[in-house]
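One structure is given below, encoded as structure tokens.
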Amino acid sequence: MAHLPTATVAATGFLLRFRSLFDEGRGYVFPCDAAGHVDIDALSDRARRNYFYARTAVGRELGVPAVRPA
């Protein structure tokens with residue numbers, strides 16, 4: 001899973017997790033609100049690219065994302 005800045009996670013309080021379907025413990029994590037909405041403008045360029053990739057890989061490489069408390 002990705003490492004996120006502590007301040008970003010603390011501000012949102014929730015994480016949107018995309019877990020790998022094939023490699024246990026791998027996937028993508030993004031700060032979000034309680035409804036699972038990610039502030040795309042607050043992400044770095046790399047995180048933004050990873051977020052868009054994760055959304056397109058659901059069902060093929062990644063599972064359906066889940067909102068979890070930080």
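FYI, it's all coordinate maths here, none of it is from the lab. Values in this document were obtained by computation on a predicted structure and should not be read as measured data. Neighbour counts are summed over all protein chains in view; Cβ atoms, including those assigned to glycine, are modelled from backbone coordinates with ideal geometry.
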Amide hydrogen neighbours beyond the local backbone of ARG26, cut-off 5 Å, H modeled: SER20
14 Å beta-carbon shell around ARG68, net charge (K/R +1, D/E -1): +1
Rounded to whole Hz, the Karplus (6.51, -1.76, 1.60) HN-Hα couplings of segment 53-70, x for glycine and proline: 4, 4, 4, 7, 8, 4, x, 9, 10, 10, x, 4, x, 10, 8, 10, x, 5
In Hz, Karplus ³J(HN,Hα) per residue of segment 23-37 (6.51, -1.76, 1.60; θ = phi - 60°; x = Gly, Pro): 10, 3, x, 9, x, 10, 9, 9, x, 8, 8, 4, 8, x, 7
